[in-house]
1. Within the range A:63-74, is there a residue that is touching a residue at least 40 places away in the same chain (Cβ under 8 Å), closer than 23 Å to residue A:256 by Cβ, of a type outside the set (Gly, Ala, Ser) and more than 14 Å from chain B (Cβ to nearest Cβ)?
2. Looking at the range A:162-217 only, could you name the residues that are in a helix (DSSP H, G or I), exposed (fewer than 13 other Cβ atoms within 10 Å of the Cβ) and β-branched (Val, Ile, Thr)?
3. Among the residues in the range A:25-37, are any among the basic types (Lys, Arg) and within 14 Å of chain B (Cβ to nearest Cβ)?
4. Considering only strands (runs of 3 or more DSSP E) fully contained in the range B:1-48, which possess at least 2 residues that are at pLDDT 90 or above and under 19 Å from residue B:76 (Cβ atoms)?
5. Restricting attention to the range B:63-73, and to residues there that are outside any strand (DSSP E or B) and more than 8 Å from chain A (Cβ to nearest Cβ), which single residue is nearest to residue B:161 (Cα to Cα)?
Amino acid sequence: MLDAAQAVALHIRWEWFRLSRRPAFRVIMGMVAVPVILILLVAVLVRNAGAGYGLPAEAFPFLIFLALNVVGPFLAVFLTAIIFSGEYGWGTLRALLARGCPRWQPALAKLLLVGIVLVVVWTVSWALAATVGLIAGSPDGQLELPFGAAEGWGAVAARFFGSLPAAIAYMSLAALLCAVSRSATFGVIVAAAILIAESTVYPVAILIAEQVYEFPLYKYLRWTLRGAMSGLAGNDEISSWHFAPAALAYITLFCALTLAIITRRDVSGGNG
Amino acid sequence: MANNSTMTIASAVALSGVSKHFGRVRAVDDVTLDIPAGGVYGLLGPNGSGKTTLLSMLAGFLRPTSGSIALLGQSGPTGQRDALQRTGALIGGPTFWPYLSCRDNLRCLQGTYATGGGDAEIDNLLATVNLDGDAASRKFRACSTGMKQRLGIAGALLGNPSLLILDEPTNGLDPAGIIEVRQLIRSLVGENRRTIILASHLLNEVEQVCDRVGVMAGGRLLYSGPVAELGAPAQVAIRTTDDALAAELLAAGGWELTAQPDAGLEIAAVPGREWEITRDLANAGVYIAEMRSTGGSLEAGFMEVTGGPERLDA
């Protein structure tokens, strides 16, 4: 067990060695950093717009939460695509699996590394936003935020970090799609399509069901992947903690299927 | 990784009834094979004969549909995993991360395999495959085909493996590169009596580099043994002005007629005495219109074993 853990840790280390040197990874990280910095910059500038326009300190991380809540799952999907694409496209899965390496080890290392990167992105974003908020926030800020802003640091933190499991869930879904199809392109396109479809079709369907048929469809969509993740981020009338088991179940299911497929399958030709 | 290259093992590879089916296609069909430790074993066969599939099973990339595999004297899942830690493989072309340099690619694999050795081993391997100096810092995607192939061999040599599996390592190389790689392969055997399995469809490559050879066609192993024994006996084929009389004269003169095709004769050659055929026939007034050597080469032996081009095409 200890040997296996050490082996996975070793894989994570060298996986990071490769990922950190990939131009695509740097571009994606830049694409996350730029909007975060821009949002904070605008929030700081609003402070100078006039009396009463300043934001309270905890509103800064809340603004970042609003952005990450939307962008986070896409970020996770693209990161997953990057980390799996090379091994399938370049055939380097064979290089990784040579020397009798159990197939689940590099796969688990990849999943864990994307998870770690996401945790770091969330943590750094929170730290940055909270710091800027503490420096530039106005205790008497009165600017109202849309979407039912959380009040107080605790509530903001719960929503902020409640959106992280959603990204991890979509990461594991994208990994599963990559493993099934042996194609990162397929995985990322389908996962992104699911994300877009969920965020556009669900609200429309719920609205039509309520307005036309007076049917509470949202109650039934609540436990779907999108519903559970949204609920965990505090976007449901039920307390977000109720959604934690469902989120965990989705993540576990996707990751377990991914590992099972990679472990059981032959590593063929150039496409892994 | 333990360096067990000095361990004495009778068989480097022992296969028993190994088959691999892809749906209805029998890529490898009931192969039983014993490859002694030490030396270069050539796996010869036309494209699609099952060589790469067989090697992929040895390297652990494919699971056999049936049969058992023992590597370096170890079998079973755990034993095979241990043996694979001492097995380097280059199968289906070199696969590396294109945005990393040659050196970083090797570092990455060395770290992942936990073979130890550090920078000294990488420097040594890069020098062995002539990729030291500026070439070491070149990104893999910017390397020539020959450089990529040599880096693939270096990657397979990480950790000084006891068994090396090379699938068509000279593919895509220019003539100078081919000679270089063949010399490299021969030199690798010398170190610690390593076993090298070399798959190729190039007969002369196998003839020059290998001690023993296995011939595959249609997924089946048709021959396995010393290279020298695969070559068919040398023969002399002649066409004369009177083949019937020539046959009588040669038989009377003690020559062994191996076959009498529709036109001409085939005679078991005795090296250095072919001129006597010309003399004996000319003295009897029979003159040779055409004379050529047949057989005696690996090519002839290969064709004999595989049943010729018609059977290979079938």
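1. Yes, that holds for at least one residue.
2. A:196, A:200, A:201, A:204, A:208
3. yes
4. B:11-22, B:25-36
5. Once the filter is applied, the top-ranked residue is B:72.
Every residue, every condition in (1) outside any helix (DSSP H, G or I); (2) within 14 Å of chain B (Cβ to nearest Cβ), yes or no:
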| residue | (1), (2) |
| --- | --- |
| A:76 | no, no |
| A:95 | no, yes |
| A:111 | no, no |
| A:128 | no, no |
| A:131 | no, no |
| A:138 | yes, no |
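Yes/no matrix, rows are residues, columns are (1) of a type in the set (D, E, K, R); (2) farther than 17 Å from residue B:184 by Cα:
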| position | (1), (2) |
| --- | --- |
| B:112 | no, yes |
| B:118 | no, yes |
| B:129 | no, no |
| B:134 | yes, yes |
| B:139 | yes, yes |
| B:143 | no, yes |
| B:148 | yes, no |
| B:155 | no, no |
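Results for (1) of a type in the set (A, V, I, L, M); (2) at pLDDT below 75; (3) over 21 Å from the mean Cα position of the chain (by Cα), shown as yes or no for each residue.
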site	(1), (2), (3)
B:216	yes, no, no
B:232	yes, yes, no
B:236	yes, no, yes
B:267	yes, no, yes
B:272	no, yes, yes
B:296	no, yes, no
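The values are calculated or read from the model by the stated rules, or taken from the named source; none is laboratory data. What you see is a predicted model, and the numbers here were worked out from it, not measured in a lab. Note that we place each Cβ from the backbone using ideal geometry, even for glycine, and neighbour counts take in every protein chain shown.
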